[in-house]
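Notes for the one structure printed next.
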Amino acid sequence: MRPFVYEQPSDISDAVAIASRFTTNDDQPTRANAQFIAGGTNLADYMKLGVAEPNRLVDLNRLKDPGLRQIRVSEDGVRFGALVRMGEAADHAEIKRRYPVIADSLRLAASGQIRNMASLSGNILQRTRCEYFRETSWSCNKRVPGSGCAAIEGFNRQHAVLGGSDACIATYHGDFAQALIALDAVVHAEGSRGARKILFSKLHRQPGETPHIETDLVADEIITAIEVPALPWARRSLYLKIRDRESYAFALASAAVALDLDSDNVRDARIALGGVATVPWRARAAEQSLQGKKLDEATATAAADAAFAEAQPRQHNAFKIELGKRTLMRALLETRDMKV
Amino acid sequence: MSQPSLSSALGLSRRNFMAGTVSAAAAPLLASSAKAEAPAPSGPKLRAPVVASLRINQQAYELSLDTRTSLLDALRDHIGLTGTKKGCDHGQCGACTVLVDGKRVLSCLTFAVMNEGKDITTVEGLATSDGKLHPMQQAFIDHDAFQCGYCTPGQILSAIGCVNEGHAESEGDIREYMSGNICRCAAYPNIVAAVLQARDQTKGA
Amino acid sequence: MDATPTPKENQGEPLPRIDARLKVTGQAHYPADLPSPNVAYGALATSSIARGKVTKLDLDKARAVPGLLDIVTYGDMDKVEKPKFGNSGATSIGPLHDRTIFHDGQIIALAVAETFEAGEEAAQLIRAEYDVEAPTASFDSPGTVTIPAAGKSPLFKEDVKAGDFYAAYAAAAVKVDERYSTPAQHHNPIELFSTTAFWQGDELTIHEPSQNVTGWKVELARQLKIDPAKVRIFSPFIGGAFGSKGPMTPRTAIVAIAARRLGRPVRCVVSRMQAFGTQTYRAETRHRIRIGADKDGRITAFAHEGWEVTSRPDPYVVGGTSATGRMYDYASVLTHVSLVQADRNTPGYMRSPPETPYVYALENAMDEMAVTLGMDPVEFRRINEPVTEPIGKKPFSSRSLIQCYDQAAEAFGWAKREAKVGAMREGDWLVGMGCATAIYPTAVAPCAARVRLTIDGDVRLQCGSHEIGTGVRTVAGQMASERLGVGIDRVSVEMGDSNLPPAPVSGGSISTASVCSAVLKACDAIRSKLFAAATAEGGPLAGSHNEEFDLTDGKIVAKGGASAKVEDILKTMQVGAIEEYAEFAPKGATPEALKKLYAGTPEFHGGEQDADSVKYAFGAEFVEVRINRYTLEIRVPRIVGAFAAGRIMNTRTARSQLMGGMIWGIGQALHEATEIDRRYARYVNRDLQDYLVPVNADIKDLQVILIPEVDHAVNPAGVKGLGELGNVGTAAAVASAVYHATGKRIRDLPIRIEQLLA
C-alpha cells in the first residue's frame, strides 16, 4: 500500500475543500490523489492490493451533520443519509415493510460484519470484484487505461453479459443498487461546484471505451443522501439472489422486482438485474413486456427473454443468460405470490 | 545492504509491545519519538505518524501509528493482543472480527486511526478478571465449536455481535448471520449449537 | 446434534479439548502470534509469469521506501543448498537459486522492513522483466509431457492389477465406461502461512505452522548447511493445515537467510493471494473407469486409469488406485496412473490426497452401474462386499462397511427414497438422495514420546507431534490419563516443537495411532516400574503379581482389593518422579525405522503393505440435495455419515473431525476449484472471495454415527485414524443425489448451476 495522509474533517464543506485542494475536475474519483473513506470495506481492500493508490484519505465518519446518519421515512418516500450502515437499513422496520426489495438486497449482501461497517453511499460506489481488476499483475483497462482486458478472453465465469464492451466486461457486484435503480432513486451529492441531484440510473457509467470512468461523480463530490420516492405498491417487491453457496457470495444472477398488480394482471412493474451486468441494470424492456398482461410462467418467460435480448456471452459466462432469465422469472412469480 | 535503522526517522521506535508493559493509568505513548514529529503548519504530512487513542478492553492506549496500519495490525503488532487473527486481510474470512462500540466489524478493513476514541472489545477482553469465561466462550467449549481454533476468536466475537443485533432468534438466522466467519475445519453445526446455548445469557451480559 | 456422543464399545470419553480454554480466550499462540521483540517484517514479491526467465529486477523504488532494511533476491541464496522434493520438502525449485521461472507466483524477492506496511509497500514496488516463454497450463494444453507414475515417482509403488481385465470386461453382461475429473484445489487453512526466523549465535529458531517439525528441522539444516541440532522448529498451535503445512516450502530458508543478514528476527506472513503460488495444492485429476458386471450385479472387471497434473521438476503423485483397486470384490483389476507435467507449482498433500479424487471417480461410476443394473446402490455394494481384497487376496484386518451402510441408511431414512429419477419434490425444489463409500488406509509410523509422572500426581507428556485441530494433544493426554490413573486436568501435553521427542508428519491419518502407541509404551514402562517397586520386597504390595494390578485414581489397585498410593511407592523408590522415554516402532518396521524417525523420514506401515492383512477404515455417507427447479442452485440440507475406525479415543473430537471432513466433501462437490487462466498458466481466483468454501449457512442437518469396531492388528493403540475418512466419498454421494433429483449425471467437479443448465 502507498502511504497516505489521513484527514478527518467535521463538516461536509471542509471535506469537499480538502478533496478539492488535492484533486482536479479531470480526476476520476477512483484515481484521484485524495479520496473519501467511510466504511472502508471496499477502499481499504483495494488500497492493500495496490489497485487504489490515494495519498490522502478524507474520513467522512467525523462529519457532524446528523442527517448523514438518519433514515427518514415519510409519505414522500425514504431518505437514507449517506453514512447509514447497510445493516441499519436492512433491519429498519419501515424499510422492511414499505420496500422489502431494499431490505432484502441489503440483507443478502456481504456478511454481518461488512454490513455493520459499509456505508450506503460507499456500497453503491463499490468497485467491481473482477479478479483481473483486483490483481495488479493482470492487464486491465479499468485499472490502467489502455492496458487491455485480460478477462475478455480469460476466465470470465463471473463476468457480465449485459452492458459490456470490447474494453471491459467487469460485473457490478452490488445488490442494493439493483433495488435503488428499480425504484427510481435519486442521489444527492455535494462538491466544490455546489450541490446536485443525480438520477440513480445516471450515476454509474457503462464501460464503453473508458472503463476507468465508473461514475458520474467528480473527485471532490460527496454523496450526502439517497432518496427513494414513495411507491406504495413497492410493498410487493423482493430481491432474489442466486449464488454458488448459500451466503456470503456475490450473485451469479439476481433480480430486484416490484409489481403493481390488479389481481394477477400487471399494472406496472419495476425490474433490475444484478450479477449479470457491468452497472446496476434496469430491465425496462422486460417491464414493458409485462404491462397489462396476466403474470404467469409464459409472460414471465417472455419478460426474461426481453431482458436478455442484447446479452453477449463469453467463454465461461454464457450460462448467465439462461440463469439470469430463470432468476427473473422466478423472482416475478415469487413477487406475484407475495402476501401483502 | 543493511542500513542504519530508519525507525527513528519514521517516528516508529521499536516497540516493546508485550501487553503487560502497558499500564492503563500511564496510557503511555508507545512510540516515544513520535512527539518529535510535530505536524507541519500546512497540515499532516505523508508518512508522518499519527497518534491515536484507542480504548481496548476497557483500557486506554495511545499509539503512534503509520496511517496505513489496520486496526488488526495495531492490535497484534503494536499492542501484542494477538488473539485477534489475520486470516485473509481482505474482509473475506471473518477471523479478525472485533466489537467496535458494541458492533462486530472486521478489523482488517478499518485503519486504526479511524477508530480514535472508539471502544474496542477483543477476545482477550471477554472473560472477567477472575478468569470466568463469557457464556459464549464456555458454550464454544461445551459444543466443541472449533478444531484448530484459529477462527475461534472471530467466531466468538461475531456470535456475541450477532446475538446483540437480534439475529440469533432461530437456527436458520444464526447460520445465515454467522456466515461471515469461515471455519475451514467446518465446525459449523457446533457453532450454531454454541450460539443457541449462550444466546440468552449473552443478551443479559 | 450432540457434540459429545456417548461412547460405545471401544470408544473413549468425549472429554473437552485440553487446549479449549486457550483457544476461546485468544491465548493459544499460533506461530505468527509469538512475541518476537525487534522483529522486522518481510514481504514477498512473486512472478507474474509461469514460464521464462527473469532478465531484470528493478529494486530501486523498493529500496527508496523509508523503513526498508534489506531485499533478499537472486544471488543471495547461492551459498545454501537448493530445496529437495520429498516428504519434508514441497518442491525442488529453489526460487532464488536461479532466474528460471517454473510457475506463476514464484518468489522473486523478499523485502524486509521496519514495519509491515513498509515491507508490503516495498514488495509491491519490485518490478521484474522477463524473457517469457509460452507456458503449459494443464491437461490438453500444448506442451504437456505425460509419464507413467510407476517407476518415475518414488511416491508411487505400482499399478495394481489382478486377473485378466480385458477378457472379463469383454465378456461382461453390463458395462460402464466413463470419464470423471476433479479440479485443482487449494487448502486455504484460515491461518495464513508465515515464517519467523531468529538466530541466537549459530542457533536458528523458526516459528512457522508445521505438520512436520522434525522433518523440517533436518531439511532446513541441510539447506543451510548447519547441524540439525542447531535448528529448532516451533509450532505450538497450527491454524488448520489439511496437508498444506506438511512439506516445508522454499520460503523458510529465505526468511532464515534474511534474519541472518539483518541480525534480527524477520517475520514473513504470506498474503492469501501469494499462498496460491508459494504453497502446495491438490492438482487437477482425470479418470477413466470401466466396470463390467454380470446381470446379478457382481463385478467381474474393474479398470481405473488416472491422470494427475504435476510440475515440470517434481513427480508429485497421489495415485489412489491402491485403494480403489481393493475396494470391492472385483474378479479382475487393471489400473494405471499417469503424471502430466505442466508449468505449475508442485502439488502436495491435501486432505485424503489419493482417495478424494480417486474414490470420487470410483463411487460415481459405482452409482452409474447400479442405475444401469436397476439396482439399489446400497444393495449393489453389499453384493460386491469382499472377503479378501482382490489384488493380494489378503483379508481386511477389519472391515465394517456394511454395518456403516446399514446404520447410516437407517438414520437417513433411505427406505423412504423413491428410486425413480426426479420423483421426489418439495414445492419448487427437486429432491435427490445419494450415497457413497468412504475408505482410507490405516497407517502408523514410528514415534517417540517422553512421559513424566511426579510424586504430586502430575503428568507431563512431550511429543513432537502437531495439534492441527485434530485433537491429538487431547487424546494423547487422555491416553496418559487413563494409563497412569490421573485426571486429565493433571496432564500437560507439549507438542509442536522439534526439540521434543520426534513424531512423524501429521498427515495420512497416522498421528493418533502413532502418538498414542508411543505414549502407551511410555506409560506402560512407568506402570511396570511402579508395579515392580510396589511388589518388591518391602514394597506396599509385596508378594502380588504385576498383571493383577490396575492404576487408577493415583493408586495401584490389586485384584484382591489391596491398594497402594503412587505417592507412597515413589517415596519408597526415593524419587520425585518417574520419567520414561519411549520409542515406538510398528510391527514390520525395518531395523533403521527409528533412525529414520530422527532423520525426519519416518516409515509408514499399514494400508496394503503388511503381509498378514490389509488395513483400512471405512464409512458410508448419505446425502439429500435440493435443487431449485427454476434456478438450479444445489443445496445439501441433510447429510448422514457412519464410520468405523477401530478404537475411538474421544468421541467428541472424532465426531468433529468426521463432521469437518463431510463438510469438506460438500465443498469438494459444489464449491471448491482453483481456476486457471489457461493462456498464462496462472491462477485466477486467488482469494476467499472467489475460491469458495462452505459457510455456516450451507450446512444444516448433519449426523455422524461412530460404529464400534475393535481391531488389534492395526497398532498397539487399536486406532485407525479418521481425519481424512470423512472427506472421502461425499462428493460422489452428492453427484449421485444430483442425478437422482435431475437425471443429469455430472462427472466433473465441482457440480455447478451451469452444468445443470447445459
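What follows is calculated from the coordinates using simple rules that are stated; it is not laboratory data. Predicted model only: the values in this text are computed from it and were never measured. When we count neighbours, we look across all protein chains shown, and the Cβ atoms used for this are built from the backbone with ideal geometry, even at glycine.
The table below lists the values:
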{"item": "Environment charge of C:Ser397, counting only residues whose C-beta is closer than 15 Å and scoring Lys/Arg +1, Asp/Glu -1", "result": "+2"}
{"item": "At 1.002 mPa s and 20 °C, Stokes D of the stretch C:173-227 from Kirkwood alpha-carbon radius, µm² per second", "result": "140"}
{"item": "Bins of 5 Å, starting at 0 and running to the largest distance - Cα pair percent for the stretch C:1-154", "result": "2, 8, 11, 12, 13, 12, 9, 8, 8, 8, 5, 3, 1, 0"}
{"item": "Rg(Cα)/(2.2 N^0.38 Å) for chain C, N = residue count", "result": "0.98"}
{"item": "Computed over the stretch A:235-336, Cα set: Rg, Dmax in Å", "result": "13.0, 42"}
{"item": "The stretch A:235-336 - charge dipole about Cα centre, Lys and Arg +1 at Cβ, Asp and Glu -1, debye rounded to 20", "result": "260"}
{"item": "5 angstrom amide H check on B:Arg184, placed H, neighbours 5+ away", "result": "C:Ile190"}
{"item": "Estimated translational D of the stretch C:458-504 in µm²/s (Stokes, Kirkwood radius over Cα pairs; 25 °C; 0.890 mPa s)", "result": "230"}
{"item": "Kirkwood Rh, angstrom, the stretch C:96-170 [1 / mean 1/r, Cα pairs]", "result": "17.8"}
{"item": "HN-Hα J in Hz across the stretch C:159-168 - Karplus 6.51, -1.76, 1.60, θ = phi - 60°, x for Gly and Pro", "result": "7, 5, 8, 7, x, 10, 4, 4, 5, 5"}
{"item": "Relative contact order of chain C, defined on C-alpha pairs under 8 angstrom at six or more residues apart (%)", "result": "17"}
{"item": "Cα-based Rg / Dmax (Å) for the stretch C:295-340", "result": "13.6, 48"}
{"item": "For the stretch C:645-758, average projected area of the Cα convex hull in nm²", "result": "10.2"}
{"item": "Inter-label distance for B:Ser170 and C:Asp458, nm, one decimal - labels placed 7 Å from Cα along Cα-to-Cβ", "result": "5.2"}
{"item": "Cα-Cα P(r), the stretch A:58-197, percent of pairs per 5 Å interval", "result": "2, 9, 16, 18, 15, 15, 13, 8, 4, 1, 0"}
{"item": "In Hz, Karplus ³J(HN,Hα) per residue of the stretch A:80-93 (6.51, -1.76, 1.60; θ = phi - 60°; x = Gly, Pro)", "result": "9, x, 5, 9, 4, 7, 3, x, 5, 5, 5, 8, 6, 4"}
{"item": "Farthest toward positive dipole pole in chain C [+1 Lys/Arg, -1 Asp/Glu at C-beta], among C:Ser244, C:Gly560, C:Thr535", "result": "C:Ser244"}
{"item": "The stretch A:235-336, relative contact order in percent, only Cα pairs under 8 angstrom and at least six apart counted", "result": "28"}
{"item": "Base-10 log of normalised Debye intensity for the stretch A:136-190 (one unit scatterer per alpha-carbon) at q = 0.14, 0.19 Å⁻¹", "result": "-0.52, -0.77"}
{"item": "Average other protein chain Cβ within 10 Å of Cβ, residues B:131-139", "result": "2"}
{"item": "Dimensions (Å) - the stretch A:1-136, Cα atoms, principal axes, largest first", "result": "44, 36, 25"}
{"item": "Placed amide H near C:Val309: partners under 5 Å, 5+ positions off or other chain", "result": "C:Glu284, C:Val340"}
{"item": "Relative frequency of Cα-Cα separations exceeding 24 Å in the stretch B:37-134, percent", "result": "24"}
{"item": "Of A:Cys168, A:Val186, A:Val218, farthest towards positive along the dipole that unit charges on Lys, Arg, Asp, Glu beta carbons give the stretch A:167-301", "result": "A:Val186"}
{"item": "10 Å Cβ neighbours from other chains, averaged over peptide A:84-97", "result": "1"}
{"item": "Size of the protein assembly as shown as Cα extents on the principal axes (Å, biggest first)", "result": "101, 80, 65"}
{"item": "Contour excess over end-to-end distance, with Cα ends at A:His316 and A:Glu153 and 0.36 nm allotted per residue", "result": "57.7 nm"}
{"item": "Diffusion constant of the stretch C:551-623 at 10 °C, which comes from Stokes-Einstein with the Kirkwood Cα-pair radius and 1.306 mPa s, µm²/s", "result": "92"}
{"item": "Å³ per residue enclosed by the Cα convex hull of the stretch C:253-361", "result": "120"}
{"item": "Cα-centre dipole for the protein assembly as shown with unit charges at Cβ (Lys and Arg positive, Asp and Glu negative), debye to 20", "result": "1080"}
{"item": "The stretch B:132-197: Rg to Rh, with Rh as the Kirkwood radius over Cα pairs", "result": "0.91"}
{"item": "Contact order relative to length of the stretch C:568-615, as percent, for alpha carbon pairs under 8 angstrom and 6 or more apart", "result": "22"}
{"item": "Cβ crowding within 10 Å averaged over residues, with A:240-253, C:415-428, B:165-178 ranked highest first", "result": "A:240-253, B:165-178, C:415-428"}
{"item": "Gain in span if fully extended, C:Lys152 to C:Arg63, counting 0.36 nm per residue against the direct Cα distance", "result": "27.6 nm"}
{"item": "Label-point separation in nm, C:Lys393 to A:Arg267, each point 7 Å along Cα→Cβ", "result": "8.5"}
{"item": "Chain A: calculated mean residue ellipticity at 222 nm from DSSP helix runs of at least 4, using -39500 (n - 2.57)", "result": "-7500 deg cm²/dmol"}
{"item": "Tail fraction, Cα-Cα pairs, the stretch A:237-297, threshold 16 Å, whole percent", "result": "50"}
{"item": "Given charges at Cβ of Lys, Arg, Asp, Glu: the stretch A:235-336 dipole, positive-most of A:Asn265, A:Ser289, A:Ile321", "result": "A:Ile321"}
{"item": "Residue mean of other protein chain beta carbons inside 10 Å, C:676-685", "result": "5"}
{"item": "Convex hull volume per residue for the stretch C:389-456, taking Cα atoms only, in Å³", "result": "269"}
{"item": "Amide H partners (placed H, <5 Å) of C:Asp711, local residues excluded", "result": "C:Arg647"}
{"item": "Of the DSSP H helices in chain C, those whose Cα atoms cover at least 15 Å axially and whose Kyte score averages -1.0 or more", "result": "C:213-224, C:251-262, C:355-373, C:401-412, C:472-484, C:511-535, C:651-670, C:730-742"}
{"item": "Cross-link partners of B:Lys86 among aspartates and glutamates (Cα-Cα below 13 Å; sequence separation of 8 or more within a chain)", "result": "B:Asp73, B:Asp77, C:Asp33, C:Glu191"}
{"item": "Compactness of chain A, expressed as Rg and Dmax over alpha-carbon positions, Å", "result": "19.4, 60"}
